[in-house]
1. Condition check: modelled with pLDDT of 95 or more and either under 27 Å from VAL49 (Cα atoms) or hydrophobic (A, V, I, L, M, F, W, C) (or both). Does MET102 satisfy that?
2. Tally time: how many residues in the range 67-95 are touching a strand residue (DSSP E or B) at 6+ places or on another chain (Cβ under 8 Å) and acidic (Asp, Glu)?
3. Checking ALA9 against (1) within 26 Å of ALA153 (Cα to Cα); (2) touching a residue at least 24 places away in the same chain (Cβ under 8 Å), only one condition comes out false. Which one?
4. Looking at the range 107-127, which of its residues are in a helix (DSSP H, G or I) and either in contact with a strand residue (DSSP E or B) (Cβ under 7 Å, 6 or more places away or on another chain) or buried (at least 17 other Cβ atoms within 10 Å of the Cβ) (or both)?
5. Have a look at ASN65, ASN51, ASN27 and point out the one that is on the phi > 0 side of the Ramachandran plot and polar (S, T, N, Q).
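The values are calculated or read from the model by the stated rules, or taken from the named source; none is laboratory data. What you see is a predicted model, and the numbers here were worked out from it, not measured in a lab. Because the Cβ atoms are built from the backbone with ideal geometry, glycine has one as well, and the counts that use them run over all protein chains shown.
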Amino acid sequence: MSVKTPSVAVRLRPFVPGDEAAFRRLNEDWLTKLVVLEDADRAVLENPVKNIVESGGHIFMALANDRPIGCFALLRMGPAEFELAKMAVLEEERGHGIGRKMLQYAIAQAKKLGAQRLHLETNRKLANAIHLYESVGFHHVPREQVIPRHTIANVFMRMEL
């Protein structure tokens, strides 16, 4: 799948060996600037293959001219459920629709993987992201209906596929 930024096409593809550093950098960048990098995040980002892929999850990268500019992960929660996590777009690339295209791609990939439901956790500080999630069909879920994975999470959302 490709989307145009003002100057270059963006290609979305599955994670391949060698993407580990870019995946970590993209996530550490937004987490440290906008919320907080928790120990749980550090553990996942230090070894995404072990902590995501080998647990039945999937990672995807967004590239412009073969340069990683975005990423996201689908963490397996059950036989037909994934958590959308670790979604990031380089700060200088935001505002060009890349996040929306990544989100649409994530939903399509989850369906291909047999998911019937997607979950996500976020923080109220990320108002633009929350609006984006709502615009594609995620709905809010009360905290009492989830077991939060992150201490900074105060917004919980779900989408039936």
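1. Yes; evaluated as a whole, the condition is true for this residue.
2. 3
3. For ALA9, the exception is condition (1).
4. ILE107, GLN109, ALA110, listed by residue number.
5. Of ASN65, ASN51, ASN27, the one residue that is on the phi > 0 side of the Ramachandran plot and polar (S, T, N, Q) is ASN65.
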